[in-house]
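*Asks:* Can you read through this structure? Questions will come right after.
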Amino acid sequence: MRSLSFALACSFALGACSTSPADDGDPEDAVAVDEGKEDNFLSQNALEYTLEGKASVTLDASYATKTDAERMAAAKKLIGYKQIAIAWFVTQYFVDKEDDDANFHFGGFGGMAKGGLWEDLGVTEGADHLTYSFTFKQLAAGPKNLMTKLKVKTVSGKQVFDLEVGKPTNDEMTHLVTDEEWYRQAPWNAWDPSKVDAAKKETMTFAIAPDSHVSTDAFFDVNKLIADGVLDIDVHFG
């Protein structure tokens, strides 16, 4: 997923970077970069968008005998994996497809979810003490006319769209081993809800709005990526 997001983000950046040098060595259409953005990618044809919605996770029945604190800790960990899943299915919907892609007719708006940049808010425990609901907030990058391409409707003053996302199991979501990640396996890897049984998908409503910072930064927030002192990089050959 990281490599896919990187490729997509670079496609946004290329529009601003592919320029012809002037006589003094600077691009003819060079753009001044705001202070603090010197180490990041910029796009002249893309924006960042905020996505918000409601989701839930359900712990294994074995947690019924655990303490409240233990259940909440386990739920928050599972919510992190759920956020990864949401970002994956949003990207599968937003990203452009090639003619020979299995899900060529699903979405395709030149955008992506910016995996790793999310928040989970208002986590609440259900009556069964196993189900935990939360409000998710994620960032996405896409063309400036993304909201006109989506089937957006107005609900309670917000622009929203519905999306059928997959429902990988807890075991699948938490099994993140190289080349065995759930999102590399069918039916998740080339997501097309029209080809998947109802039991393996759910409809989520996403509120979408241009990010309040109105940034033309269409790539990851580098400072947040290295905040824990570790930067994971995937390199692929072939």
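*Asks:* Condition check: surrounded by fewer than 18 Cβ atoms within 10 Å (Cβ to Cβ), modelled with pLDDT of 90 or more and touching a strand residue (DSSP E or B) at 6+ places or on another chain (Cβ under 9 Å). Does Met147 satisfy that?
*Replies:* Judged against the criteria, Met147 is a match.
*Asks:* Among the numbered conditions (1) surrounded by fewer than 16 Cβ atoms within 10 Å (Cβ to Cβ); (2) in contact with a helix residue (DSSP H, G or I) (Cβ under 7 Å, 6 or more places away or on another chain), tell me where Ala199 comes up short.
*Replies:* Among (1) surrounded by fewer than 16 Cβ atoms within 10 Å (Cβ to Cβ); (2) in contact with a helix residue (DSSP H, G or I) (Cβ under 7 Å, 6 or more places away or on another chain), Ala199 violates only (2).
*Asks:* Among the numbered conditions (1) closer than 25 Å to Lys224 by Cβ; (2) acidic (Asp, Glu); (3) surrounded by 15 or more Cβ atoms within 10 Å (Cβ to Cβ), tell me where Glu172 comes up short.
*Replies:* Unmet condition: (1).
*Asks:* Okay, next question. Say whether the condition of being under 19 Å from Thr50 (Cβ atoms) and assigned to a loop (DSSP other than H, G, I, E, B) is met by at least one residue in the range 76-83.
*Replies:* Within the range 76-83, none of the residues are under 19 Å from Thr50 (Cβ atoms) and assigned to a loop (DSSP other than H, G, I, E, B).
*Asks:* Could you tell me how many of the residues in the range 106-132 are more than 19 Å from Gly166 (Cβ to Cβ), outside any strand (DSSP E or B) and not hydrophobic (A, V, I, L, M, F, W, C)?
*Replies:* Number of matching residues: 4.
*Asks:* State all residues of the range 133-164 that are in a loop (DSSP other than H, G, I, E, B) and β-branched (Val, Ile, Thr); if no residue qualifies, say none.
*Replies:* Result: Val152, single match.
The values are calculated or read from the model by the stated rules, or taken from the named source; none is laboratory data. These numbers were taken from a predicted model, which means no experiment stands behind them. Cβ atoms come from the backbone with ideal geometry, glycine included; neighbour counts cover every protein chain shown.
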